[in-house]
């Protein structure tokens, strides 16, 4: 095959990648790799660069960011040398999306700014795709910038960018974005609580997404419809569009989008109190998460399932899912640390490339050096973070954070408050003031003059470097005077950071100093990173404590009678078996006392079952108090109770039985339907044995039961069977 023919074939393959990239990333990669192989045969460097860009864009869609960035930077170098402005724009735009997904919004915005500058040169300069225009580039850049503002929850700014993109796109019948600008605008209106507007825009977006065959985004439009109809209480349409979204995602979406759709559907169904269907949706989301090893989703959904089953009072299932949540939270933590390292590698790679490209520009060189300093400090923070998250002891977390922060900034006061949403209060852990631990009182969320409550309510960081000049942004003059009087030391600089797990605020971290102008941008970034680790560690510690408490509760339920709270038959069997084996070895005596309430059926029949339960509770409480710290007591069944007396001879057991009878009579619980007395009385059987190989536990229990039977049939004297 001649070179020109091969180049034509390569261009056709690359054109196909442009067609399928929006619907099939895997196919795009396969076609691009074939184009690279052919390009290498004929030395077609443009073909290699474009194919690498297509693969990188697909990697970005699949979440393989590090692989994508390496290819993008290689391609970008070629596109700049060849002055191909449309491809330069595409690369900058793709990098902006990736760093936005990584949470590095400052770098993401920088790339979008670069892409906007390059976009203006597309129409007048050299370009790869003759049909691509500056307007199309601007629309996509504006729309992507809006996405960053949405993630930062600055919805008004997001709306401004979306409207700008929409206005340009509308002139071209939305072919520039294939309907995405309409959908983005609808999402912003939804976030601003304009649900009717969001619904209308979602329907309009779907029309254009179908027209331009942008199938990957169709399910997003349906999901927006479902959510908006839900908020408008049009539950029929909400149900309809949730089902369409889920069915579409099954066919073409990645697991991430499919899981998210099930989670939204679960929230909708739970709000409608359709608990069976809600549980089914949540279970589907969990199964998908497990199948695709989505650590973050497994941790989140197992926690939701734990809460769900706890509400259903299914303690065993709740514990099972809480345990999964805890285990995968630890795995997620490891993944988080690995991702931090990957992000550092990515940033280091970017730093090296930018340094090479801007070596003659002193200002950019200085920025590069500053970035290297940040990277080094982030590496330190990452190590400290791993140390913090390795413990589930809240006091240890406080100590590690305090010593870590002191290493890079002046610190007079440090505290962490945990947000109790149910009680609407901030509960403080031990605070550290001038290197000494102190107790800090809790703060009500109704305290509108508190910096901590403002931080939690807004989920935003508060930074003050000179409180005497900056307090008016947050509190009035009177409150400032009160704070000044209350503090026995002078505070000039303070920071309050929300502790976030996903988007949920679990607490607040504050650092305060008597000095002014303590916090520079690097220190704030380092504290932000530490606070992320602190949130993970604290949440881990709280979940660990919850699991421990739940485990204790389940153990208690497995060993205790649900009504009387004394030991149950199962615990009795285990305990007696242990005592029996010990007595068998040591050749000591065991005694058993089996007792029941006389004429309890008549008591129940005449006083009612509620009164009958109260009677059993009184007897159980009496027996528990009488045997506490001395003998083992359990509910044997119905109105029967059994007492194990280790290392106790018959006469001592008989004497204790008489005490029980006397004391129960002294309680004088009325029972006018008894044939023995007008108060509640007990029948008691006592047996004693020194275990040997010729007898068994069951035989011993039967002897005690026989003694009780004889007691019931002979009221004139105590009947006892000796072992």
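The values are calculated or read from the model by the stated rules, or taken from the named source; none is laboratory data. From a predicted model like this one, the values you see are computed outputs, not experimental measurements. Every residue, glycine as well, gets a Cβ built from its backbone with ideal geometry; the counts of neighbours run over all protein chains shown.
Take the conditions (1) in a helix (DSSP H, G or I); (2) at pLDDT below 90; (3) under 28 Å from residue 304 (Cβ atoms); residue 483 misses just one of them, which is (3).
Results for (1) without any contact (Cβ under 8 Å) to a residue 60 or more places away in the chain; (2) assigned to a helix (DSSP H, G or I); (3) more than 16 Å from residue 416 (Cβ to Cβ), shown as yes or no for each residue.
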{"position": "440", "(1), (2), (3)": "yes, no, no"}
{"position": "455", "(1), (2), (3)": "yes, yes, no"}
{"position": "471", "(1), (2), (3)": "yes, yes, yes"}
{"position": "475", "(1), (2), (3)": "yes, no, yes"}
{"position": "506", "(1), (2), (3)": "no, no, no"}
{"position": "509", "(1), (2), (3)": "no, no, no"}
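Taking the listed residues 446, 476, 430, the one that is exposed (fewer than 14 other Cβ atoms within 10 Å of the Cβ) and either under 27 Å from the mean Cα position of the chain (by Cα) or not assigned by TED's automatic domain parsing to the domain that holds residue 499 (or both) is 446, with no other qualifying. Within region 146-159, residues that are free of Cβ contacts under 8 Å to residues at least 12 places away in the same chain sit with their Cβ atoms under 7 Å from residues that are surrounded by 14 or more Cβ atoms within 10 Å (Cβ to Cβ), at 6+ positions apart or across chains, in these pairs: 157/149. Of note, residue 14 does not satisfy the criterion of being farther than 25 Å from residue 119 by Cβ, in a helix (DSSP H, G or I) and over 41 Å from the mean Cα position of the chain (by Cα). Checking each residue in region 391-417 for being assigned to a strand (DSSP E or B) and touching a helix residue (DSSP H, G or I) at 6+ places or on another chain (Cβ under 7 Å) picks out 414, 416, 417.
Of the candidates 214, 222, the single residue that is surrounded by 18 or more Cβ atoms within 10 Å (Cβ to Cβ), touching a helix residue (DSSP H, G or I) at 6+ places or on another chain (Cβ under 8 Å) and touching a residue at least 60 places away in the same chain (Cβ under 8 Å) is 214. Every test in (1) at pLDDT 90 or above; (2) closer than 19 Å to residue 164 by Cα is passed by residue 120 save one, and that test is (1). Being outside the structural domain of residue 609 (by TED's automatic domain parsing), within 22 Å of the chain's Cα centre (by Cα) and surrounded by fewer than 16 Cβ atoms within 10 Å (Cβ to Cβ) is a property that residue 551 has.
To keep it simple, each residue is scored yes or no on (1) outside any helix (DSSP H, G or I); (2) in the same structural domain as residue 690 (by TED's automatic domain parsing); (3) in contact (Cβ under 8 Å) with a residue 12 or more places away in the chain; (4) surrounded by 19 or more Cβ atoms within 10 Å (Cβ to Cβ).
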{"site": "577", "(1), (2), (3), (4)": "no, yes, yes, no"}
{"site": "584", "(1), (2), (3), (4)": "no, yes, yes, no"}
{"site": "588", "(1), (2), (3), (4)": "yes, yes, yes, no"}
{"site": "591", "(1), (2), (3), (4)": "yes, yes, yes, yes"}
{"site": "596", "(1), (2), (3), (4)": "yes, yes, yes, yes"}
{"site": "601", "(1), (2), (3), (4)": "no, yes, no, no"}
{"site": "611", "(1), (2), (3), (4)": "no, yes, no, no"}
{"site": "615", "(1), (2), (3), (4)": "no, yes, yes, yes"}
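Would you check if residue 75 is in contact with a helix residue (DSSP H, G or I) (Cβ under 6 Å, 6 or more places away or on another chain), under 21 Å from residue 16 (Cβ atoms) and in a helix (DSSP H, G or I)? Yes.
If you go through region 546-575 and pick out every residue that is under 30 Å from residue 416 (Cβ atoms) and either assigned to a strand (DSSP E or B) or free of Cβ contacts under 8 Å to residues at least 24 places away in the same chain (or both), you end up with 3.
For (1) closer than 24 Å to residue 548 by Cβ; (2) at pLDDT 85 or above; (3) touching a strand residue (DSSP E or B) at 6+ places or on another chain (Cβ under 8 Å); (4) surrounded by fewer than 20 Cβ atoms within 10 Å (Cβ to Cβ), each residue gets a yes or a no:
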{"position": "268", "(1), (2), (3), (4)": "no, yes, no, no"}
{"position": "280", "(1), (2), (3), (4)": "no, yes, no, yes"}
{"position": "287", "(1), (2), (3), (4)": "no, yes, no, yes"}
{"position": "290", "(1), (2), (3), (4)": "no, yes, no, yes"}
{"position": "293", "(1), (2), (3), (4)": "no, no, no, yes"}
{"position": "301", "(1), (2), (3), (4)": "yes, yes, no, no"}
{"position": "318", "(1), (2), (3), (4)": "yes, no, no, no"}
{"position": "325", "(1), (2), (3), (4)": "yes, no, no, no"}
{"position": "329", "(1), (2), (3), (4)": "yes, no, no, no"}
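Screening residue 136 on (1) farther than 18 Å from residue 94 by Cα; (2) in contact (Cβ under 8 Å) with a residue 12 or more places away in the chain shows it passes everything except condition (1). Among the residues of region 401-421, the one identified as closer than 17 Å to residue 544 by Cβ and buried (at least 22 other Cβ atoms within 10 Å of the Cβ) is 416. Hey, any hits in region 248-256 for a residue that's closer than 23 Å to residue 194 by Cα and without any contact (Cβ under 8 Å) to a residue 60 or more places away in the chain? No, region 248-256 contains no residue that is closer than 23 Å to residue 194 by Cα and without any contact (Cβ under 8 Å) to a residue 60 or more places away in the chain.
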